[in-house]
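Below is one structure; the comments refer to it alone.
The values are calculated or read from the model by the stated rules, or taken from the named source; none is laboratory data. Everything quoted here is computed from the prediction, not taken from an experiment. Please note: Cβ atoms are built from the backbone with ideal geometry, for glycine as well, and neighbour counts cover all protein chains shown. Surface accessibility is based on the protein's heavy atoms, side chains included, excluding ligands, DNA and RNA. Shrake-Rupley method; radii C 1.70, N 1.55, O 1.52, S 1.80 Å.
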Amino acid sequence: MGLPVSTLLMTTGFLLVLIGMWGILRHRNILRIIIGFSLFDTGLHIVMVATGYITGGTAPIIDTALGIEQATTRAVDPVPSALVVTAIVIGFSVTAIMLAFAIRIHDARKTLSIDALTESKW
């Protein structure tokens, strides 16, 4: 009928990863780099969820609806989804710390350009 949902999710996730990587490597503004990092992180979350998804799958609960013989082909893996919930919280906190550093850099240097931050304190 069409593309499977897992293929669509994988494609979308990898596209977001590529856009985020481009944003990190291409731009010289710290805020744009942080946005690129967030896109990269979100793409990885989508890819991780897509690895455990099975089209037409059901919850991994063995009962009358899902027998032991069908568990390997019809049960959706819950571990990637659980890991993604943790990764979302970690990604949010890392983004908050990056934004706090950006605010401190702007207060000290009055710019968010990486080119203005070339001298070393060593």
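Yes/no matrix, rows are residues, columns are (1) modelled with pLDDT of 90 or more; (2) farther than 24 Å from L3 by Cα:
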position: I33; (1), (2): yes, yes
position: F37; (1), (2): yes, yes
position: F40; (1), (2): yes, no
position: G43; (1), (2): yes, no
position: I61; (1), (2): no, yes
position: L66; (1), (2): no, yes
position: Q70; (1), (2): no, no
position: A75; (1), (2): no, no
position: S81; (1), (2): no, no
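Quick check on segment 68-122: of everything there that is charged (D, E, K, R), free of Cβ contacts under 8 Å to residues at least 60 places away in the same chain and in a helix (DSSP H, G or I), which residue is most open to solvent (accessible area, probe 1.4 Å)?
Applying the filter and picking the extreme gives R104.
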Could you figure out which of (1) at pLDDT 95 or above; (2) small (G, A, S); (3) over 25 Å from T7 (Cα atoms) isn't true of S113?
(1)
Note on segment 1-53: residues in contact with a Gly (Cβ under 9 Å, 6 or more places away or on another chain), among the charged types (D, E, K, R) and touching a residue at least 40 places away in the same chain (Cβ under 8 Å) are D41
Residue check for F14: open to solvent by less than 70 Å² (accessible area, probe 1.4 Å), assigned to a helix (DSSP H, G or I), at pLDDT 90 or above and in contact with a helix residue (DSSP H, G or I) (Cβ under 8 Å, 6 or more places away or on another chain)
no
Any idea how many residues of segment 1-11 are farther than 11 Å from H45 by Cβ and assigned to a helix (DSSP H, G or I)?
6
State whether one or more residues within segment 39-58 are among the charged types (D, E, K, R) and surrounded by fewer than 16 Cβ atoms within 10 Å (Cβ to Cβ).
no
